[in-house]
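The values are calculated or read from the model by the stated rules, or taken from the named source; none is laboratory data. Just so it is clear, the structure is predicted and the values come from calculations on it, not from any experiment. Cβ placement follows ideal geometry from the backbone for every residue including glycine, while neighbour counts extend to all protein chains displayed. Accessible surface is based on the protein model in full, side chains and every heavy atom, while ligands, DNA and RNA are left aside. Shrake-Rupley method; radii C 1.70, N 1.55, O 1.52, S 1.80 Å.
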Amino acid sequence: MLRYNVSQSQRHVSDLYEDLRDGHNLISLLEVLSGDRLPREKGRMRFHKLQNVQIALDFLKHRQVKLVNIRNDDIADGNPKLTLGLIWTIILHFQVSCSVSVEFHHRGPGRASDGQLPISDIQVNGQSEDMTAKEKLLLWSQRMTENYQGIRCDNFTTSWRDGKLFNAVIHKHQ
């Protein structure tokens, strides 16, 4: 179970796909990571859930986080692939870029048009030269959580489902 404090409220995530659907946990996560306060809708109707997720997506876009094919209804509907994609995007933006174990190297014209380095330019200590970006992220996840008992990162689906691995990555960077 993922737990984190935002001001006076405490949020819980036991199922990543379900517990991000209303947008409240997503907004709270972004508040913790950014230190900013975000508005949110109080209601429980679908419109309110969509609006809360949209607030989170707009916040990320404002921070120049590139979101590809992730819409508010994808997260509100609990789409596993796009929810994990969003979480990885948040991790890359807020955690990997600040991590000591990850170094970014400019390799000349490989820089993306928005000034960000492409994911293929991420360097993880101990990686081999022929690793794909996905393998680098998996290795990074394993390195970040290797000292957490009972936590294993074997893949990007079932390993993340219960929120424990996600919690360990957040805890590592607090």
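Observations on the model:
- Taking each residue of the range 155-172 that is more than 13 Å from T145 (Cβ to Cβ) and looking for partners that are open to solvent by 40 Å² or more (accessible area, probe 1.4 Å) and among the basic types (K, R) with beta-carbon atoms closer than 9 Å, six or more apart or interchain, yields F156/K134; T157/K81.
- Selection from the range 150-169 of residues that are in a helix (DSSP H, G or I) and open to solvent by 10 Å² or more (accessible area, probe 1.4 Å): K164, N167
Per-residue answers, yes or no, for (1) part of a helix (DSSP H, G or I); (2) at pLDDT 85 or above:
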residue: N5; (1), (2): no, no
residue: R11; (1), (2): no, no
residue: S28; (1), (2): yes, yes
residue: D36; (1), (2): no, yes
residue: E41; (1), (2): no, yes
residue: F47; (1), (2): yes, yes
residue: Q51; (1), (2): yes, yes
residue: D58; (1), (2): yes, yes
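- Failed item, numbered, when N52 is tested on (1) open to solvent by less than 40 Å² (accessible area, probe 1.4 Å); (2) under 24 Å from H173 (Cα atoms): (2)
- Residue match in the range 64-79 (condition: outside any loop (DSSP other than H, G, I, E, B) and either closer than 22 Å to T145 by Cα or aromatic (F, W, Y) (or both)): no
- For the range 68-85, a tally of residues being free of Cβ contacts under 8 Å to residues at least 60 places away in the same chain, open to solvent by less than 30 Å² (accessible area, probe 1.4 Å) and not charged (D, E, K, R) returns 4.
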